[in-house]
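Since the structure comes first, as structure tokens, the remarks are kept for the end.
The values are calculated or read from the model by the stated rules, or taken from the named source; none is laboratory data. Note that the coordinates shown come from a computational prediction; the quantities given were computed from them, not determined experimentally. Cβ placement follows ideal geometry from the backbone for every residue including glycine, while neighbour counts extend to all protein chains displayed. Just the protein is used for accessible areas: all its heavy atoms, side chains included, with ligands, DNA and RNA removed. Shrake-Rupley method; radii C 1.70, N 1.55, O 1.52, S 1.80 Å.
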Amino acid sequence: MKKLYYSIGEVSKISQVEPHVLRYWETLFDELTPRKNRAGNRTYSKEDIETILRLKELIQIRKYSTAGAKREMEQTDVPDEMHKDPVPAPVRRDLQELRILLQEISDSL
């Protein structure tokens, strides 16, 4: 299920973040810049999904404010072992995709 670009619906399923939240985060965080296709629909890259998963971790799991998350995202070049996620974002994204695929297979049985 590897793709170059993902729709907002696919990204919402992978990240378990509602589309309106993704659009809101796009207005706040310079790191999140999905492209738009000819029809004007957002197309997210793997890097965008990794950014979304990081934002989800900061805002929804760790309960950072958006301002706090913004500061944390700006300081990504500073290593902080205490705040490192034990599961890297690409692996987490792949696991989410696998979970969705397995759920679809289970639903079809």
Check: the chain dipole with +1 on Lys, Arg Cβ and -1 on Asp, Glu Cβ, in debye: 360 debye
Whole-Hz Karplus ³J(HN,Hα) for region 36-52, in order, using 6.51 cos²θ - 1.76 cosθ + 1.60 and θ = phi - 60°, x for Gly and Pro? 10, 7, 4, 7, x, 7, 5, 10, 9, 8, 4, 5, 4, 5, 4, 5, 4
Give me the number: length gained by fully extending Val21 to Glu50, i.e. 0.36 nm times residue separation minus the C-alpha to C-alpha distance, one decimal in nm. 8.9 nm
Given a 1.4 Å probe and every protein chain left where it sits, what share in percent of the accessible area of the chain is carbon and sulfur? 55 percent
For the chain, the charge dipole (Cβ of Lys, Arg +1; Cβ of Asp, Glu -1; about the Cα centre) points to a positive end, and the Cα of Asn37, Tyr24, Ile105 closest to that extreme belongs to Asn37
Just to be sure I understand: with springs between alpha-carbon atoms less than 10 Å apart, which residue in Arg93, Arg38, Arg23 has the highest mean-square fluctuation in the Gaussian network model of the chain? Arg38
Sequence-distant or interchain residues sharing an amide H contact under 5 Å with Thr43, placed H: which? Arg35, Lys36, Asn37
Computed from the beta carbon distance with a Förster radius of 30 Å, FRET efficiency for Leu95 and Gln75 to the nearest 0.05 stands at 0.70
